[in-house]
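Beneath this line is the structure, given in C-alpha cells, with notes to follow.
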Amino acid sequence: MSVICTSFPPIIRVGAHSLMKPMYSSYRRIHGWNSVINTSQARSFVALAASPRSSSHATNRNSRSVHTNARLQPAYPGHIPLTPFETGVLAVGSALMSLIDTRRADMVAACGETTAGPTLVKLRDTMLESPEGRRILKEMPRINSQTLDWEKLRSLSENTFGRAYVRWLDACKVTPDSREPVHYIDDPELAYVMQRYRETHDLYHALFGFKVSALPELALKAFEFTNLGFPMTALSLGASIRLKSPQRARLWGEFIPWAARCGSHARCLLTVYWEERWGQDLDEMKKEFGVWDPPAGLTIPRASRIDFP
C-alpha cells in the first residue's frame, strides 16, 4: 500500500492510509480483536486534507497558497472546509466504510454531509415556506440533555409526544447527546439544517416507536428518504444485505412499501418545531402530520396505534 500510494498526490496518500485504518479496525472488531480506531482518527483524513500542506508535500510556494486562501477558512466552529476533490474522496470512502461497519457513526455522518448537495438547499427552502420552519431557522434550537427539561417531560400525560419520547429513550437506553456535529458543509445555515436533522432523528424513532436495531433503523431510513430526500438514507439500505434472510424479506416486503407511502404522504418533518409539541397527543400529532404506524413487530409497546387511513 505505501509503495503504491507514493505515486499519488498528497490527498490520495493521506486518504488511503486514514481510510484503511478504520477498515482494519472494523475487521479486528468483527473478529473479536481489541484495537479500535476512534472518531478523531477517522476524521484525521479530512483534517489533514483541508489543512495547509507541509513543504514535503508541496512542490512550490504557489501550491501551498492554494490551500490557505479565504475560501478554505472555517465558516463556523468545527467546520472542516474541503475542496470538491477532497469532498468526493471522503464521500466514496465514508460510504464504503458505512457499509462495512454500520456502527461507524462518524463515517455515516461524513457520508451524509458529503452527499447531501442540493437536498439541503431544497429542505431549507421548504422550511422557509412553513411558519414553524422559518422560526426554527431563525432561532436555531438544539436538542440535547442540556436543553431538555427532563422533569417536565416525565410529568406529561401518558399519550403525549414528550412522554413517548422519554419512554423511548429509557426503553432503548439512548441519550440525545450521541449525534455527531456537522463538519463538512460550508454554508452555516445549511449546516444547521443537517444538524437539525440529526438531532430530530431520535424523535422520528419516538414518533413511530421504532426500536434501535438494524431492521427498524433501515425502515426508518427508508421513511426519511421519501420524506426528506437525503441520498445517504437511500444508500444505507445497501446494508440490508447484512440482515438475515427473513428480516430482509420483511424489510423489502413490508417496511419499504410502508415507508414509501407514509414518507411521501407526510408533511416534511424538518418543518416541525418539536420542542413546542411535547404536550401534544401522539395520535393527534400523527393525524396532523399525515403519518401512521409501521407494520407490527419492530416497535416498543404502546396503548394505541394509528394504522393506514
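Below are the figures for this structure:
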item: Residue selected from region 65-90 under the condition polar (S, T, N, Q) and surrounded by 11 or more Cβ atoms within 10 Å (Cβ to Cβ), by the criterion modelled with the lowest pLDDT; result: S65
item: Residue check for T119: of a type in the set (S, T, Y) and either touching a Gly at 6+ places or on another chain (Cβ under 8 Å) or modelled with pLDDT of 95 or more (or both); result: yes
item: Residues of region 176-213 classified as within 17 Å of W150 (Cα to Cα) and not in a loop (DSSP other than H, G, I, E, B), total; result: 5
item: Residues located in region 235-278, provided they are among the aliphatic types (A, V, I, L, M), assigned to a helix (DSSP H, G or I) and touching a residue at least 12 places away in the same chain (Cβ under 8 Å); result: L235, L237, A239, L251, I256, A259, A260, L269, L270
item: Which numbered condition F225 misses (of (1) under 20 Å from D101 (Cα atoms); (2) open to solvent by 50 Å² or more (accessible area, probe 1.4 Å); (3) in contact with a Leu (Cβ under 9 Å, 6 or more places away or on another chain)); result: (1)
item: Residue list for region 256-301, filter: open to solvent by less than 10 Å² (accessible area, probe 1.4 Å) and hydroxyl-bearing (S, T, Y); result: T271
item: Answer residue from region 187-216, given it is open to solvent by 20 Å² or more (accessible area, probe 1.4 Å), modelled with pLDDT under 95 and out of contact with any Cys (no Cβ under 8 Å at 6 or more places or on another chain) and is farthest from E86 (Cα to Cα) among those; result: S213
item: Conditions (1) over 13 Å from the mean Cα position of the chain (by Cα); (2) charged (D, E, K, R); (3) part of a helix (DSSP H, G or I); number of the one not met by E224; result: (1)
item: Subset tally (residues that are exposed (fewer than 13 other Cβ atoms within 10 Å of the Cβ), assigned to a helix (DSSP H, G or I) and touching a residue at least 40 places away in the same chain (Cβ under 8 Å)) for region 131-175; result: 1
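Conditions tested, residue by residue: (1) under 21 Å from the mean Cα position of the chain (by Cα); (2) among the basic types (K, R).
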position: R135; (1), (2): no, yes
position: T147; (1), (2): yes, no
position: E151; (1), (2): no, no
position: A164; (1), (2): no, no
position: E180; (1), (2): yes, no
position: L190; (1), (2): yes, no
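The values are calculated or read from the model by the stated rules, or taken from the named source; none is laboratory data. Just so you know, these numbers come straight off a predicted model, no measurement behind them. We place every Cβ from the backbone using ideal geometry, glycine too, and count neighbours over all the protein chains shown. SASA here: full protein model, heavy atoms, side chains in, ligands and nucleic acids out. Shrake-Rupley method; radii C 1.70, N 1.55, O 1.52, S 1.80 Å.
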